[in-house]
Amino acid sequence: MVSLTDQIKRSGFWQALEVLVLVITQFVYFGVMARILEKSDYGLMAIANGFVALGMIFAEGGMGAALIQKQNALKSHSKAALQGSILFSLCIVGLFYLMAPLIAAAFDQPMLAELVRVIAWNFVLLAIYSIPLSLLQKEMRFRHSAIVTILASVIAYSFGIVLGYKGWGVWSLVGAVLLNSLLKMIGYLYLAPVRFSIKWYYSEWKELFSFGSGMILLKVNSYISKNGLILLLGKIFSPGMLGVFERSYQINNMPSNYLGQILIKIMFPALSKLQDNEQRQFRLYDHGLGLSNSILMPLSLFLIYFSKEVVLIMLGEKWMDAVLPLQLLFVVMPFTISSRMTDALIRAKGLVYKNVSRKMIYAIILLVSCGFGGYYYGLGGAAVAVVFSTLINYIMMVYLVKVVFKRSFYQVFYGPLKQGVLLTLKTGILLLGYHFSYGMYNAPGVVPFLLFTTLSGIGVLIAGLRFPQFLGSYIKLTLDQVLGKYGFYKGSV
């Protein structure tokens, strides 16, 4: 039998490959579409997505996470989860079809009505594919899910770009989203078939919903702190200004989202398997958090310095007003993943309701501060409010883990941060060298940035393979486990 450690190693490879391909494809998609579409197109799509994201929470009903968390799930549980998800999603589609004109009137954007009605069908696609995807994740079959995700994303993004060049405007974004979900649904169902049954599995659905309802509450809070924020600012900002904030927000979240995709997709099933071993649960959580801090904290400083170049590459010259909010948001980029990892840990222990109050407090602080900051100080004020709220949320997260696991403040706070801080200082020295030798004498340029980034990346790669201790204990331990058996890696010697 394959050990859990070996499963995590194999899963990590496929998740890393999936993320690498998605980074490249989304990078290209971001850059091309930002140059084709108008800022107002992204503003309209952000508002539509804000409402659609709320429907998605209830459409899936937390059934997928409940399947992963349940230790002895039967085929009847999978069928019950699929039944419940489809039923919920169809109800939500009908509700949004009726509400679409009201949404358009509320934001004084007539086009929103049709946008919401069309993209709402993504509820059904998501509800269906979430069940086989959860089964693949529960069985740690990340190779299969990665292949489907990669193919679906490449095809859908290419389709969206073609529509964009043909002048479809905001509908090119909608087309890419729907095709992506459709291809995932077909692929996941092929790999992990779940038959729809007319027989109603009420008792199994009830078992899953007792956990899934808690997941709905958590997701509602997450929705308020993400999409609810966009809707609030949509009432304050113009569509163009909202498009700038939304793109800045998305770019800031990309590194933590992709790293989180690797860690959390693997950690939640693994943590769920360790429900009866609290010591190993905490060690796995601590390592995941320390590893993410070791990567994201120095990366955050690097991106703050090169924000202008990032905007030029990702969005183009007409988006330069995104530089300031992006720099501010990069400050708390490492801490955005911490909340998601805590969610995974608390979910794995079955204590979802303990996390609801923390997330609700965070959502309230975020909306109030962003509403105030955005109204009085524009894009910069909204970004500062996000920074403030994220730091408060991180402190609350640390306290929750401390209480649940009865650990010291050092173990839950300083321990996972220490290596990240040291690596950030080393990155700062590197950036100072660049600044005084080139940066302070020249205007921002894409070519020097790419050259410096490439050389820095090569340096980090050499350090990782030959002197991994230079990158800190969390990264070294990860490299030891993944590359230790290969001759070219000298770290474990």
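Here the average projected area of the convex hull drawn through the C-alpha atoms of the stretch 237-484 stands at 14.5 nm². With 21 Å as the limit on Cα-Cα distance, the pairs of 39/318; 235/318; 359/402; 79/226 that go past it are 235/318; 79/226.
With R₀ set to 56 Å, the beta-carbon distance separating residue 465 from residue 75 gives a calculated FRET efficiency near 0.80. Shown is the FRET efficiency for residue 28 and residue 147, computed with R0 = 22 Å from the Cβ-Cβ distance and rounded to the nearest 0.05: 0.65.
Expressed in Å, the radius of gyration and Dmax of the Cα atoms of the stretch 278-319 are 16.5, 52. Relative intensity of the stretch 386-493 on a log10 scale, I(q)/I(0) at q = 0.11, 0.17, 0.21 Å⁻¹, equals -0.57, -0.99, -1.07, per a Debye sum over C-alpha point scatterers of equal strength in the absence of solvent. Using the Cβ-Cβ distance between residue 95 and residue 438 with R0 set to 56 Å, the FRET efficiency from 1/(1 + (r/R0)^6) comes to roughly 0.50. Note on residue 254 and residue 200: their simple-model spin labels are 4.7 nm apart, each label 7 Å out from Cα toward Cβ.
Between residue 320 and residue 402, the simple label model (points 7 Å from Cα in the Cβ direction) yields a spacing of 4.6 nm.
Per-peptide packing, taken as the mean over residues of other Cβ atoms within 10 Å, places 134-146, 395-407 in the sequence 134-146, 395-407 from highest down. Potential lengthening of the chain between residue 158 and residue 20 amounts to 48.0 nm, from the contour at 0.36 nm per residue minus the alpha-carbon distance.
Rule-based calculations on the coordinates, nothing more; no lab input. Computed from a predicted model, the values in this text were never measured in an experiment. No Cβ is skipped: glycine too gets one built from the backbone with ideal geometry, and neighbour counts run over all protein chains shown.
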